[in-house]
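First up is the structure itself, then whatever we jot down about it.
The values are calculated or read from the model by the stated rules, or taken from the named source; none is laboratory data. Quick caveat: nothing in here was measured; it's all calculated off a predicted structure. Glycine also receives a Cβ, built like all others from the backbone with ideal geometry; neighbour counts cover every protein chain displayed.
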Amino acid sequence: MLLNLRKRLNGLGPWPRRAIKTFIVLCILPWVLTFVYAVVPPPVSNVMLLRLLQGNGIHKDWVGLDQMSRHLPAAVIASEDSRFCTHYGVDWVEVQNVLEDAFDDDEAPVRGASTISMQTAKNLFLWDGRFMVRKLLEVPLALYMDTLWTKRRMIEVYLNIVEWAPGIYGAEAAAQLHFRKHAKDLTRREAALLAAVLPNPIKRRAGKPSRRVRAIADRIQIRARSIEPYLTCIR
C-alpha cells in the first residue's frame with residue numbers, strides 16, 4: 001500500500017507532491033506535539049500565529065499552575081467547563097443538551113459545548129471561528145490530549161495559552177495587564193473577572209469591566225467558591 005502511494009506521488013509534479021507532503025505533516029504534527037507538550041511548555045500556539053498575521057503582538061510569560069492563584073483555575077472551570085474533572089475531553093452531557101436545544105427551538109442554541117480540553121486543542125493546533133470542519137478535528141484531538149495529559153497539565157497549558165486581550169496570552173500576562181500584579185496574587189474577584197472575559201477577550205476587559213462583565217463575574221465567583229473544594233483533579 002505504501003509502495004503504491006509512493007508511486008502515485010512520484011507520478012505527480014513537484015508542487016503537488018510538496019503540497020501533499022505538507023498536508024500530511026500538518027495532520028501528523030498535532031499528534032506528535034501532544035506528546036512533547038505533556039512535559040514541555042508550548043512555545044507558541046496556532047491562534048497566536050494567526051493573530052500575529054492579523055497585526056497583534058504576542059505577549060506571554062509561562063508560569064506553572066503552582067505560580068497561579070488557586071482562584072483562577074477554579075473560576076475558569078466554573079465558567080467554561082464545570083464537569084472538567086469528570087469528562088474525558090468531551091462533555092457528552094453538554095453536547096446532548098446543545099443538540100436538544102437545537103431541535104427543540106426554532107432558533108440556534110445560544111450556548112456551546114466546548115470543554116477546556118477542546119479549547120486547548122483549538123488554541124494549540126487549529127483556528128478560531130464557527131466551522132464544522134474545525135469541530136470535527138477538535139473532538140478527536142481533545143479526546144487524545146485528555147488521554148495523554150493529566151487534568152492538571154490540561155488546565156495549566158490552557159491558562160498559559162488562552163487569549164485575555166488582543167495579543168495577551170496566559171494568566172501571567174493577563175494579570176499584569178489588567179491588575180498590575182502577578183498571577184499568583186490574583187484575588188477571588190479578579191480571577192472571576194478574568195474568567196468572565198474569556199468568551200470575548202477582544203471586547204471585554206477584566207481591568208475595567210462593564211456592568212455586564214461584573215454581573216457575569218458575580219455568578220462565576222459564587223459557582224467557583226462552591227466547586228473549589230471538589231477540584232481534586234488539578235491538585
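Restricted to segment 173-206, and to residues that are assigned to a loop (DSSP other than H, G, I, E, B) and touching a Pro at 6+ places or on another chain (Cβ under 8 Å), which residue is surrounded by the fewest Cβ atoms within 10 Å (Cβ to Cβ)?
I202
G170 is checked against (1) more than 14 Å from the chain's Cα centre (by Cα); (2) modelled with pLDDT of 95 or more; (3) under 23 Å from M118 (Cβ atoms) and fails just one. What number does that condition carry?
Answer for G170: the failing condition is (1).
What is the one condition in (1) part of a loop (DSSP other than H, G, I, E, B); (2) closer than 16 Å to F84 by Cβ that W127 does not satisfy?
(2)
Of the residues L186, L148, which is modelled with pLDDT of 95 or more and within 17 Å of the chain's Cα centre (by Cα)?
L148
Quick one: what pairs do we get from segment 46-64, first residue aromatic (F, W, Y), second crowded, with 17+ Cβ neighbours inside 10 Å, C-beta under 8 Å, 6+ apart or different chains?
From segment 46-64, the pairs are W62/N160; W62/G170; W62/E172.
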